[in-house]
Ligand code: HEC
Ligand code: HEC
């Protein structure tokens, strides 16, 4: 289902049925790397890549992680039959070969329809409660139900239609039984399984993490200078805080404010004028893989992003007080880009399933 260029083909030759229990739920970590922290939830003990903090994981009490839900969720995540014309899966826009994002500024759904926002990565969603650029979904379970019926995404007429579509694939029955105790397909079970899979897609053990853990050769001199700038003069850390490089909060940088119809962002959720044009601080882990950038995909490269900050964003009445011209030299810009590139690490559970149930 994947060709050599690493694109997920939308039409699957639905070949062999995966024998129930044959698929590996969580990829084994590569040999020879420093151990990370271990997350324990439900029946799962998940060793996280170096640099990630198990204590910061958010797993709702109602949906503890189990290997069986993760396995089912992974199949559903990669299954284009969950869309109206059977061509679009979650992975079409959150593609493991593009850092679980989409190389297009805005993504194409069923019928080539285009949405208004850039597909964010699903990497490290384990550490966030609220989802979407504006935080309107309260958790991953709530989020997963959105794209299935969004007319510019998977375009199914209703959640009942999604349930019927999945229930019609008899090969899914044993997976539901193992994950939930019986074969019944419901939209909540679909959402719980997909959310469980997403929580295992974690990235860490980057050169930056190995440097922090004591390997002083892991970062180039340029990336080391970039790290100092990131925490200091360039003022990036105030928002891209902590091990996942996000404060899980919403800020206005002025992105897209010059567009004919600018996106209200967080204001649509809070109804507060002060939140106009504010969007969620995204994680910067594996950010080198997820171009283009920003909620509207308006910045093509990491260098463009850093230059945007260096100019002081785009002034507007709601501009964050933390955004101002930075006076960075050309070398500073290079160094910051080198630092951002050093945040690319191993991604767990990123290998698409070999085949889907029939
Ligand atoms: C046609 C493209 C498309 C498809 C298909 C799609 N998404 Fe998305 N996804 C997006 C876009 C665009 C956004 C951002 C929308 C917003 O913030 O308003 C998004 C946001 C998300 C987020 C929030 C990430 C964050 O950092 O807040 C998650 C998680 C996610 N999608 C998972 C999924 C899952 C699971 C599926 C399948 C059930 C799916 N997506 C299908 C385009 C897509
Ligand atoms: C005031 C908080 C804040 C500060 C300061 C800040 N950022 Fe951001 N960053 C954000 C927000 C919010 C977004 C998304 C904005 C949007 O799309 O409208 C973002 C987006 C990004 C992106 C794009 C990521 C993606 O997946 O699209 C990169 C890269 C980035 N920031 C790096 C930096 C660097 C480097 C600095 C320091 C020069 C910095 N940020 C300073 C809040 C901040």
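Out of all the residues in the stretch 124-132, is one or more under 22 Å from the mean Cα position of the chain (by Cα) and away from ligand 2 (no atom under 16 Å from the Cβ)?
yes
Close Cβ contacts (under 9 Å, 6 or more residues apart or on different chains) running from residues in the stretch 320-335 that are on the phi > 0 side of the Ramachandran plot and assigned by TED's automatic domain parsing to the domain that holds residue 302 to residues that are within 12 Å of ligand 2 (Cβ to nearest atom) and modelled with pLDDT of 95 or more comprise 327/233; 327/310.
Does residue 143 satisfy being part of a helix (DSSP H, G or I), within 24 Å of the chain's Cα centre (by Cα) and crowded, with 17+ Cβ neighbours inside 10 Å? Judged against the criteria, residue 143 is a match. Annotation: residue 109 fulfils all but one of (1) under 23 Å from residue 244 (Cα atoms); (2) more than 16 Å from ligand 2 (Cβ to nearest atom); the unmet one is (1). Filtering the stretch 106-133 to residues that are more than 8 Å from ligand 1 (Cβ to nearest atom) and at pLDDT 95 or above leaves 123, 124, 126, 127, 129. The set of residues in the stretch 321-351 that are within 11 Å of ligand 2 (Cβ to nearest atom) and assigned to a helix (DSSP H, G or I) comprises 332, 333, 335, 336, 337, 339, 340, 341.
The set of residues from the stretch 265-285 being part of a loop (DSSP other than H, G, I, E, B) and either in contact (Cβ under 8 Å) with a residue 40 or more places away in the chain or crowded, with 22+ Cβ neighbours inside 10 Å (or both) comprises 266, 276, 277, 281, 282, 283, 284, 285. Checking each residue in the stretch 231-272 for being under 19 Å from residue 335 (Cα atoms) and in contact with a helix residue (DSSP H, G or I) (Cβ under 9 Å, 6 or more places away or on another chain) picks out 233, 234, 235, 236, 237, 240, 245.
The values are calculated or read from the model by the stated rules, or taken from the named source; none is laboratory data. What you see is a predicted model; the values in this text were computed from it and never measured. Glycine gets a Cβ as well: all are built from the backbone with ideal geometry, and neighbour counts include every protein chain shown.
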